[in-house]
Structure formats: C-alpha cells, structure tokens
Amino acid sequence: MKRTEPALPKIIGNEGLTMKLVVAIIKPFKLDEVRQALTAIGVTGMTITEVKGYGRQKGHTEIYRGAEYVVNFLPKLRIEIAVPSNLADKAVDVITSSARTGQIGDGKIFVTPIDHALRIRTGETDGDAL
Amino acid sequence: MGALSSRAAKLAAPIGVAATWLTTPAFATTSDISAADTAWMMVATALVLMMTIPGLALFYSGMVRKKNVLATMAQSLAAVTIISILWVAFGYSLVFVGDGPLLGTLDRWFLAGMTMDGVNPAAKTIPESLFMLYQMTFAIITVALVAGSVADRMRFSAYLMFSVGWFMFVYVPLAHWVWGRGFLGTMGVLDFAGGLVVHLSAGIGGLVAAKVMGRRYGYGTENLSPFDLSLAVAGTGLLWVGWFGFNGGSALAANSRAVMAITATHLAACAGALTWGAIEWTIRCKPSVLGMISGAVAGLGTITPASGFVAPWHGIVIGVIAGSMCFWACTWLKHRFKYDDSLDVFGVHGVGGMTGMLLAGVFATASIGGTSGLIEGNAGLLLVQLSGIVVTLAWSGGVTYLVLKLVSAFVPLRVSREQELEGLDISQHGEALQ
C-alpha cells in the first residue's frame, strides 16, 4: 500500500540562525580527546575522514633495505562539524587545546560560513537541523 | 645431504657393477628402514614444504606492493604444483638415480620401479618414496625463490614456462652434481643442505633474471614500499621453523648430526637478525623490522651449506658474517650496479649462499661432519668450495639467461606497461585485494 509522503518544509532558511562549518585537520591519535572536548561543549555530531597531506611538517623518509622513499603525504584525520555561529569560537578553542601536542604537524582549523543546512529525515532546516 | 658424498663413495662400486636396473628395482634393500628416521623425515618433509607455502608466499608478498600481492603468492603456489609433478616425472630420477658425473638416469621416471620398501642408497634407513618427497620440497622452494627478483613485473605465463625450463636445465643438473654423486660431490664439495644447489643457484639466477627483465617502472623515482611487512614477518617465522626441517632433515636421519645442524641453524638466524638490526641502528639510527627479518633469512641461508659440518658456536659467527655481508649486498652493491632485484634474492640468498659455502670450508669440523676445514688445517677444502661456487655461478647464471631467451621467443617476459602500473593481481589473475 502506497504511503503518502509528508510535505517537506520549504528549503530556504533565510530566517534561520547563522551557522559555521569548522574543519579541523588533526593527528589521528588525538581524535578521541577532540571528540570528548567537543561533546562537552554541546557539539552533537561530527564527520571524520582519513586523509593524507602535508604542511610545514613536510613528509618523512622510509627505508626498506637499500631503498629510501620520501613519503610526502602523512596520514591525518579531517573532522567536520557544523555549529551555530555563536558556538564556533568555543569549538575552535577546544579543538586547539585538545589536539595540540606542541610538535610540528599538529594540524590546522578552518572556519567557513554555511548557507543552508537540512536534516534529510525530517526536512528541518538550519539551526533545527544541526 | 652432505652425508651423500661419503656414503656415495662407498656405494659407487657395487652400484656401478649392477647397472642393469631396467628390469629390477634398483635399490631394493628392505632391512634397514628405521621407524625413527622415517618419522623425522616425514616431519622434515612437511616443514620444508611449509617453507614455500605459506612461508615464502607470505615473506615475498608482504614485501611487494598491494596490487601485486596475489600474483606473488601465485608464483609460490605455481612452483609447488608444477615442480612436484615434474619431480615425479623425471626430476628425481635424473638427480638421485644413477651416478653419472653429469646426470642421473631416467630409470625412475614417473617413479617406475619404486617399491614400498625400497631405499635410495643415499638414505638407506627411510623408504625411497620419502627420500623422493623430501628432495622434492627442495626443488620446489629453489624455483619459488627465484621469483622474488622479478616480482612486480613478470608475466604469469612466462613465469610458468621459465620455472619449467629453470628446473630442468639449472636445478636438475646442479642438484645431481652436488648431491646425486655427480662431479662436484665426488670432488668433495661440502653442501649440507643447499648453499649451492638452492641458495646460490636461485640467487644468481634471480640476478640474471632481474637484469634481463629490466627495472620496474618507477624504480628509483617512485615509492615502491612494501604492502604489509607483518605478512613478511609471519612468513619469516614459518621459514625459520621450516629451516629446522631443511637443514636438520638433510642429515637424512633422526640422529645427533641432525640436532647439531638445527642448533647451528637457529643460532645463525638469531645472530643474522641481530647483526642486520644493529648495523641499521648504528648507521641509520633505527633498527627496522624488515632489516631484522632479512638478517634472519640471511643467517639461515648462509648456515645452510655449513650446518651439519660445523659446531653450534660457528653458527653464531656465520650468522654475524651473513648479516653483514647481505646487508652490504642489499644496500651498497645493489645501488652500485643499479639492478632491480625486487626482493633481494641475490643480495640475501646469492651472497648468503656463497658466504656460507666458503665459511663451511673454514669451519668444517671433523668430529661433526667427518671433514676438516681451514681451521683444522685443511686449507684445500676452501679451494674445493670455491670451485663449487664458480661452477654454480657460471652454470646457473648462463643457463638462466638462455632459458629466459628461450621463453621470450614464445611470450614476452614482462607484462605491458599498463598492466604493470595497474598491478599483476588484476592484470594476470583478474582479482585484487580491496
């Protein structure tokens, strides 16, 4: 029996709350500390990706018997969280303090504005969707 | 197998006279078969087979790139299947039946005339079928070893043809010369478990094959680092344990000489691993796991001809020298001559085999193997060992080249550039690790 889909709210959130996307590239072993710190300030979800890259740390050299290889891209984790704008600074602070080792290669954080957000299941938008 | 030459000398006369084997079983003497020897040699046979599958298959495939793992395992598997059949068909007979200086006879082709209780004069206390099986596992691993130097680029069909040709024209004659009462064994060359027959022949064969095939694409410029060294560590463990059967079994009996061989073997592996690791730690600041397992295999390969002739503490000295020599070969020598021996078959087995042959000449102890070496005042043995090395280098090197040329008349040795970049797993076997 065919079910009638509920009508979705209109996907324009111009009256909604402003939001930021915080992208952090961190050392993989710091993930759990960062996740706990973000949870503690009320961030309710995140997406992580295993990535490779380099910055000032450059790469490292691996030696297999006689063969030396310079590995330029080192494994890192990329964390993405979407937060209300008023929480963005706080999120950046806690990521910085929890991901920091003081050694080269700790990573970077980028903050960009989000135009719209939508929860696929319910159709809620913007602040309601975070 | 070192026992072969001395026993062979005593037996040569009666066998030579009664050379009408075509109708009668050649070596039928049923009385001496020992249950203890038979039990140990059955175990040793299984241990040596385990060295190839999965030992060598894991050791090698852990060191190649992810796209070539299955293809590398396929080479070990192919060696087991093909060489076993060829060994039964004619290999065993040509190597171990008959005592011509250059080749045996075909009297035992497809095991014709082999009886339940018959024995080979080289091993009179175990059934001939067991002796045949045990020696089969050596032929298998020797052919499988060569594949390491051409890993990542050889066409599978070409590898199969090469294996058949290499077995027929390199392994069979050489094994007969050293172990089958051929001219090297008669000269007194000491090769307990295969310094010449297995390691040097595979090592130099691999080197020639690597030169003929050319370097891998990206060699020296791209990252060709190993897929998963933990597989190689597991493979090394299996090789190491299997080597107890390889060297210990070469006594062809469950006796104290077998135990002495195993003791020297184990100590050489330990010393080799420690030495390679220590050298890396000194000059590169870090001891690598690949270095330690390479040192272990170098120690094992190098003690192979000497085990059964030397005392346990000689095993430690031989292991230290093995670790140093093979490290030098895999780092300096390989770069100096710019050959791409992918998995260092020459650097580890070739150099190890030569070193071990010479050290057997130095350390041979009469109270253990019945022969004195340089230290006990028999300098001549060193010369005999050296001539064995020269013959093996020339024969295996030259014939490997000819076999490759012959194969390349039928099928290109290398895969195409695209196939090599895509990986041998998918291009040769239609499957891949995800």
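Summary table below
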| item | result |
| --- | --- |
| Filter pass, residue B:73 being farther than 25 Å from residue B:406 by Cβ and in a helix (DSSP H, G or I) | yes |
| Hits in region A:70-86 (condition: outside any strand (DSSP E or B) and either more than 14 Å from chain B (Cβ to nearest Cβ) or surrounded by 15 or more Cβ atoms within 10 Å (Cβ to Cβ) (or both)) | A:85, A:86 |
| Pairs with Cβ under 7 Å, 6+ apart, first in region A:87-111 and surrounded by 17 or more Cβ atoms within 10 Å (Cβ to Cβ), second assigned to a helix (DSSP H, G or I) and among the basic types (Lys, Arg) | A:98/A:30; A:99/A:30 |
| Residue check, residue B:399 within 20 Å of the chain's Cα centre (by Cα) and more than 16 Å from residue B:155 (Cα to Cα) | yes |
| Of all residues making up region B:183-222, the number that are without any contact (Cβ under 8 Å) to a residue 40 or more places away in the chain and surrounded by 24 or more Cβ atoms within 10 Å (Cβ to Cβ) | 0 |
| Filtered residues of region B:262-279 (kept if within 12 Å of another protein chain (Cβ to nearest Cβ) and surrounded by fewer than 23 Cβ atoms within 10 Å (Cβ to Cβ)) | B:279 |
| Cβ-Cβ under 6 Å pairs, at least 6 apart or on other chains, region B:167-182 side touching a residue at least 12 places away in the same chain (Cβ under 8 Å), far side surrounded by fewer than 24 Cβ atoms within 10 Å (Cβ to Cβ) and of a type in the set (D, E, K, R) | B:181/B:99 |
| Residue that is farthest from residue B:225 (Cα to Cα), among those in region A:17-72 that are out of contact with any Asp or Glu (no Cβ under 8 Å at 6 or more places or on another chain) and of a type in the set (Asp, Glu) | A:33 |
| Failed item, numbered, when residue B:259 is tested on (1) away from chain A (no Cβ under 14 Å); (2) surrounded by fewer than 18 Cβ atoms within 10 Å (Cβ to Cβ); (3) touching a Lys or Arg at 6+ places or on another chain (Cβ under 9 Å) | (3) |
| Region B:381-393, residues that are surrounded by fewer than 17 Cβ atoms within 10 Å (Cβ to Cβ) and in contact with a helix residue (DSSP H, G or I) (Cβ under 9 Å, 6 or more places away or on another chain) | B:383, B:386, B:387 |
| Residue that is farthest from residue B:227 (Cα to Cα), among those in region B:405-430 that are in a loop (DSSP other than H, G, I, E, B) and touching a residue at least 40 places away in the same chain (Cβ under 8 Å) | B:410 |
| Flag if residue B:35 is surrounded by fewer than 19 Cβ atoms within 10 Å (Cβ to Cβ), more than 22 Å from residue B:84 (Cα to Cα) and away from chain A (no Cβ under 14 Å) | yes |
| All helices (runs of 4 or more DSSP H) inside region B:284-387 with 1 or more residues being within 12 Å of another protein chain (Cβ to nearest Cβ) | B:289-306, B:312-328, B:334-337 |
| Any hit, region B:119-128, residues being among the aliphatic types (A, V, I, L, M), at pLDDT 95 or above and part of a helix (DSSP H, G or I) | no |
| Answer residue from region B:52-89, given it is polar (S, T, N, Q) and either surrounded by 24 or more Cβ atoms within 10 Å (Cβ to Cβ) or within 14 Å of another protein chain (Cβ to nearest Cβ) (or both) and is nearest to residue B:224 (Cα to Cα) among those | B:68 |
| Residue in region A:47-69 that is nearest to the other protein chains (Cβ to nearest Cβ), counting only those that are surrounded by 13 or more Cβ atoms within 10 Å (Cβ to Cβ) and at pLDDT 95 or above | A:51 |
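Listed here are the residues, each with its yes/no results for (1) closer than 20 Å to residue B:121 by Cβ; (2) of a type in the set (Gly, Ala, Ser); (3) touching a strand residue (DSSP E or B) at 6+ places or on another chain (Cβ under 7 Å); (4) at pLDDT below 95.
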site: B:168; (1), (2), (3), (4): no, no, no, no
site: B:171; (1), (2), (3), (4): no, no, no, no
site: B:176; (1), (2), (3), (4): yes, no, no, no
site: B:201; (1), (2), (3), (4): no, yes, no, no
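Condition check ((1) touching a residue at least 40 places away in the same chain (Cβ under 8 Å); (2) farther than 17 Å from residue A:31 by Cα; (3) more than 14 Å from the chain's Cα centre (by Cα)) across all residues:
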{"site": "A:83", "(1), (2), (3)": "yes, yes, no"}
{"site": "A:115", "(1), (2), (3)": "no, yes, yes"}
{"site": "A:118", "(1), (2), (3)": "yes, yes, yes"}
{"site": "A:121", "(1), (2), (3)": "no, yes, yes"}
{"site": "A:127", "(1), (2), (3)": "yes, yes, yes"}
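The values are calculated or read from the model by the stated rules, or taken from the named source; none is laboratory data. Everything quoted here is computed from the prediction, not taken from an experiment. FYI the Cβ positions are ideal-geometry reconstructions off the backbone, even for glycines, and counts take in every protein chain you see.
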